[in-house]
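The structure under discussion appears below in the form of structure tokens.
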Amino acid sequence: MKKEIDFGKRLAFGCLRLPIIENGEVAPGFRDDSLVDEEAWQKIVDKGMANGYNYFDTSWFYHCGNSERAIGHCVADKYPRDSFILSDKMPVKFMQTADEMEPIFNEQLEKCHVDYFDFYLIHAISSETYEKWTNAGLFEFLVKKREEGKYREFGMSLHETPEFLDRVLTEHPEVDFVMLQINYLDWNSPAIRSKELYETAVRHGKPIVVMEPCKGGTLANPPEEAVKLMKDYNPDASIASWAYRFVGSLPGVRVVSVGMPRMEFLEDNMKTFDDFKPLNDEEYAIIDKVVEIINAKTAIPCTNCKYCEEACPLDIPSGDYFMLYNDYYRMTQSSDYNDVCTPAITYGFMKERRTGADKCVACGKCEKVCPQHIPIIENLREKVAGELYSHNPDSMLDNKVENLE
Ligand code: SF4
Ligand code: SF4
């Protein structure tokens, strides 16, 4: 007998970011961030479960499939099925035909060691493939699975426009809930339009699961000036807690999905969600100022979700490169200007191991899947291969050799 779903403390484990085995031996076809450190993850799961944090949100391709396996090993093998909530997703972006739906769904159950999911979502439904999948019977397939008791609630995640969300929810009232990227930096962002997406879901009466509440960690590590504002107001609150309280304060938000690859992240988040306090007016005003500060110092609004890397035929780790570029850019905006060589050198090492930004052939596959709508090709060429690498001593040497020739 399935128990009633209790959303408890409204904090979910976002299983896109699990602890990984550093420098582990990498199996062919797997990235070096795909190997989950299940020993470390088990400890985090156990601590969460002991404190009422029992919601796990995974997906087919998180950690190249190893996220679902880690759910099987560390959650389902250890805890009774009715003691945890499990959410998984149909990876339509990476599927070609409708014939793949059934085997993928069954394999997901198998990998997670469960016989049903609580929530099942269409992963990152997009305006580009919506009609193809509608005509292929995806919605009917998922309704049938829900009727068969293979999962309880039908959701969809998307990184699209509010107009598209409105269209899908109007055409498919059978969708029970939505998963949206919402955080205080994207709330009024013209590219992401979190506020309008949120309002669209509320207008349709759909509960919301929040993803990227901390924008891939960006909001846990804002510029010093922003940190000072928040610490002056409340020295005891972590910087990340401001981001979680922002989304947790929104009516209609059912649960906030957060990557917690380290025990200290869970412990800090428990302080926020054990006794949740909505933001007050003074705190909202501080967040407005923090947004201004961050926007002035972020060059590429990448969350390092790695969707582009999965899509890239050359395995170019654009997200990692953009993180390095942003580090470099922040340094150019501060008194640490002399350190700009550090991210440039790190980029030099990375491009030895992986494919360099200069090797991009501009096929555009990455830009089609980027949830942040980033002009990846241009940024790789101009900001990473050009500006960032120009601060790497190797590049200076390359130039000298060229000049000699
Ligand atoms: S460029 Fe886009 S798809 Fe790639 S990691 Fe950044 S946000 Fe994700
Ligand atoms: S445009 Fe460049 S980075 Fe993007 S998928 Fe193609 S080769 Fe990879």
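For the reader, a short list of remarks on this structure follows.
- Calculated [θ] (222 nm, deg cm²/dmol) that DSSP helices of n ≥ 4 give over the chain, each run adding -39,500 (n - 2.57): -12000 deg cm²/dmol
- Accessible surface for Cys341 stands near 50 Å², nearest 10, in the context of the full protein assembly shown (1.4 Å probe).
- Entries of Lys206/Lys277; Lys195/Lys306; Lys43/Lys289; Lys195/Lys271; Lys43/Lys306; Lys43/Lys277 with Cα pairs more than 30 Å apart: Lys43/Lys289
- Computed from Cα atoms, the angle from the helix 281-297 axis to the main principal axis of the chain rounds to 40 degrees.
- Dipole magnitude (debye, nearest 20) for the range 11-294, charges at Cβ of Lys, Arg, Asp, Glu: 260 debye
- Helix axis angle, 239-248 relative to the chain longest principal axis, alpha carbon, degrees: 40 degrees
- Residues in the range 53-66 carry Karplus couplings, in order, of 9, 10, 10, 10, 10, 10, 7, 3, 9, 4, 6, 6, x, 7 Hz; the curve used is 6.51 cos²θ - 1.76 cosθ + 1.60 with θ = phi - 60°, and Gly or Pro positions show x.
- Using alpha-carbon coordinates, inclination of helix 341-353 to the longest axis of the chain, degrees: 70 degrees
- For the range 196-273, the solvent-accessible area of protein heavy atoms averages 40 Å² per residue (probe radius 1.4 Å; ligands and nucleic acids excluded).
- Proximal lysines to Lys150, defined as alpha-carbon separation beneath 16 angstrom and excluding residues fewer than eight positions away on the same chain: Lys2, Lys3, Lys89, Lys111
- Antiparallel bridges, percent of DSSP beta bridges restricted to the chain (to nearest 5): 5 percent
- At 0.890 mPa s and 25 °C, Stokes diffusion of the chain via Kirkwood alpha-carbon radius, µm² per second: 110 µm²/s
- Percent carbon-and-sulfur accessible area, the chain, ignoring ligands, DNA and RNA, probe 1.4 Å: 51 percent
The values are calculated or read from the model by the stated rules, or taken from the named source; none is laboratory data. Keep in mind that what you see is a predicted model, and the values were worked out from it rather than measured. Neighbour counts are summed over all protein chains in view; Cβ atoms, including those assigned to glycine, are modelled from backbone coordinates with ideal geometry. With ligands, DNA and RNA removed, areas are computed over all heavy atoms of the protein, side chains included. Shrake-Rupley method; radii C 1.70, N 1.55, O 1.52, S 1.80 Å.
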